[in-house]
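No lab work stands behind these numbers, since they all come straight from the coordinates. Given the structure is predicted, the values throughout are model-derived calculations rather than measurements. Neighbour counts are summed over all protein chains in view; Cβ atoms, including those assigned to glycine, are modelled from backbone coordinates with ideal geometry.
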Amino acid sequence: MNVAVSSTRTPPDPAEDLAQTLRQIYDLDLTTTSGGNLSVLDDDGVIWITPAGIDKGELRADQVARVEDLDSDTENQNTPPPSSELPFHRAIYAARSDLRAVIHAHPVSLVAFSIAQTVPDTRVSAQSYARCGTVGFAPYALPASEDLGAEIAQTFAKGFDCVVLENHGVVVGGTTLRQAFERLEALDLCARTVLRARTLGTERALPWDDLELALSIVRKPKSQPRECALITDQERAIRQSLCKIARRAYRKGLMTSAQGALSARLPENTFLLTPTSIPLDRLEPSDLLRVGLQRSGLHEHDSREALHAALYRTHPDVSAVAHGYGANASGFSAAGIPLPSKTIPESYILIREPVSVSFRTTVLDPDGVAAVLCPDNPVALVHNDGVLTVGASVLDTFDRLEVLEATAAAVIASHPLGELTAMNDEQLAELRTTFFPTGGFRGAPHGGS
Ligand SMILES: [Zn+2]
């Protein structure tokens, strides 16, 4: 049966949006039950803020506090008491008229930087630099005090959108709550990536030209779901599968809500791709973009479309492509160190011998990526922009992404134990003969190895 699909969404209520976002922050382990607070400033000058002393994992919209006047202590008596950190939220809004949302949290990765008296270098990742800019550092002051508010607001007034608080945590701002949340996710991923890269050696910053390129991409209009006529049963099944796996990649920490792309080949020279305007954790089958494989100006507004199209055009056996951002594999790409894949049979069979490509190549030379990323070498580390995998199906491509991250995590975890031992040539030859004797994807097991 052929049907048309369209995607419509209504803007969220501020209290519901705050409650949902705080639960999400808690579920991602970016804050504890007692720490963290977030607020939104609405068009009427009202601050909506998470309440004091309520379980962060279970917050409901009717528990969100409403503070009527930005400049006074007037609180709405009909709502719960606001967070004790209201003074710094208020001070940030007073210092930065462009900001309409503020998030404060205690992610482990950023507390590590906080207590080491430093900030993560966002230039290790095109996405983190483009989303967060450079990071400010605010001196210590007593929690809930006006002094803390003044220190944080002064740092925001210098133009920083993300500020690490000395011996405390982090505060990020945004023009919307969604933007602030995406900054928190990107900064936490950046911090975890830097910590992994330091374990391996040291992180390398993107060249200046590439930072400009990263900014130009993030500033482009986000790709919106498009009305699609005539969806076949086959396409509907692929849409559901792609959506389910994209949400799983988010849950497993292989992509963030805003960083990551997943696509799947369709018949007749088209493919489906996740849009940039919808958070991956909220993706619905009708949101997916249907894109043509042809080389044309149609792709110019979205470099991801051109990259995925080049991979499908060049390699008929590629049925799905993923761009992921697991912190451990990203640590290797940020450090510029090859990722050892000859560790256990599963790793060697699924990820083979990863190739390297630059962030610039993925944006400006998609055919150059397709020349090295192929069924025989189905994994690429992108300096400094995560990893790419290709596969014979959506599940095969996701499996490869997951095994890649697990392999990177195991290698990093083995560091305190000394030199790792790779499988020897004889063992590797035996694996090749058994699992992929003719090369390509064929023989890749899903039943365990
Ligand atoms: Zn705090």
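What do you get for GluC sites (Glu not before Pro) in segment 257-327 restricted to DSSP loop and a cutoff of at most 14 other Cβ within 10 Å of the site's Cβ?
E268, E300
Go through segment 387-394 residue by residue and turn each phi into a ³J(HN,Hα) via Karplus (6.51, -1.76, 1.60, θ = phi - 60°); whole Hz please, and just put x for glycine and proline.
For segment 387-394, the Karplus-derived couplings read 9, 10, 10, 10, x, 7, 7, 4 Hz, x marking Gly and Pro.
I'd like the antiparallel share, as a percent to the nearest 5, of DSSP beta bridges with both residues in the chain.
Values: 43 of 50 bridges.
Given both bridge residues lie in the chain, the antiparallel proportion sits at roughly 85 percent.
Take T270 and N424, extend 7 Å from each Cα along the Cα→Cβ direction, and tell me the distance between the two endpoints in nm.
5.4 nm
Rounded to two decimal places and with Rh computed the Kirkwood way over Cα pairs, what is Rg over Rh for segment 252-391?
Radius of gyration over Kirkwood radius for segment 252-391 works out to 0.95.
Compute the acute angle (0 to 90°) between the alpha-carbon long axis of helix 177-200 and the principal axis of greatest extent of the alpha-carbon atoms of the chain; round to the nearest 10°.
60 degrees
Can you pull the percent of Cα pairs in segment 18-140 with separation above 21 Å?
For segment 18-140, the fraction of Cα-Cα distances above 21 Å is 45 percent.
Using Cα pairs closer than 8 Å and at least 6 residues apart in sequence, work out the relative contact order for the chain, in percent.
Result for the chain is 13 percent.
Go through segment 202-218 residue by residue and turn each phi into a ³J(HN,Hα) via Karplus (6.51, -1.76, 1.60, θ = phi - 60°); whole Hz please, and just put x for glycine and proline.
Result, rounded to whole Hz: 8, 7, 10, 7, 5, x, 4, 4, 6, 5, 4, 5, 4, 4, 5, 6, 5.
Nearest 10 degrees, 0 to 90: what angle lies between the long axis of helix 14-27 and the longest principal axis of the chain (Cα atoms)?
Taking the Cα atoms of the chain, the angle to 14-27 is about 60 degrees.
Across the Cα atoms of segment 390-437, what radius of gyration and what greatest pairwise Cα-Cα distance (Dmax) are found, in Å?
Reported Rg and Dmax, both Å: 13.8, 37.
For helix 303-314, what angle does its Cα long axis make with the longest principal axis of the chain, in degrees from 0 to 90 and rounded to 10?
Its long axis makes an angle of about 10 degrees.
Using 0.36 nm per residue, how much length does the chain from Q63 to Q240 gain when fully extended, once their Cα-Cα distance is taken away?
60.2 nm
Across segment 150-247, how large is the tail of the calculated P(r) beyond 23 Å, expressed as a percent of all Cα pairs? The partial results should precede the final answer.
Numbers: 2516 of 4753 pairs.
That tail contains 53 percent of the Cα-Cα pairs.
From largest to smallest, what semi-axes in whole angstrom does segment 115-164 give when each is the square root of 5 times an eigenvalue of its alpha carbon gyration tensor?
After diagonalising the Cα gyration tensor, the semi-axes are 23, 12, 7 Å.
Mean 1/r over all different Cα pairs, inverted: what Kirkwood radius does the chain give, in Å? Show your work: numbers first, answer last.
Numbers: mean 1/r = 0.0434 Å⁻¹.
Computed over Cα pairs of the chain, the Kirkwood hydrodynamic radius comes out at 23.0 Å.
Convert each backbone phi in segment 147-159 into a coupling constant with the Karplus relation 6.51 cos²θ - 1.76 cosθ + 1.60 (shift: θ = phi - 60°), then list the ³J(HN,Hα) values in order as whole Hz, x for Gly and Pro.
4, 4, x, 5, 4, 5, 4, 4, 6, 4, 5, 6, x
Relative to the compact globular guide of 2.2 N^0.38 Å, what is the alpha carbon radius of gyration of segment 364-424, as a ratio? Each step should come with its number before you reach the end.
Working: Rg = 14.0 Å, N = 61, 2.2 N^0.38 = 10.5 Å.
The reported ratio for this selection is 1.34.
Select from L417, L184, L401 the residue whose mean-square fluctuation is largest in a Gaussian network model of the chain (Cα-Cα springs shorter than 10 Å).
Highest fluctuation of the listed residues: L417.
As a check on your grasp of the helix formula, calculate [θ] at 222 nm for the chain: sum -39500 (n - 2.57) over DSSP H runs of n ≥ 4, divide by the residue count, round to the nearest 500.
Result for the chain, helices only: -12500 deg cm²/dmol.
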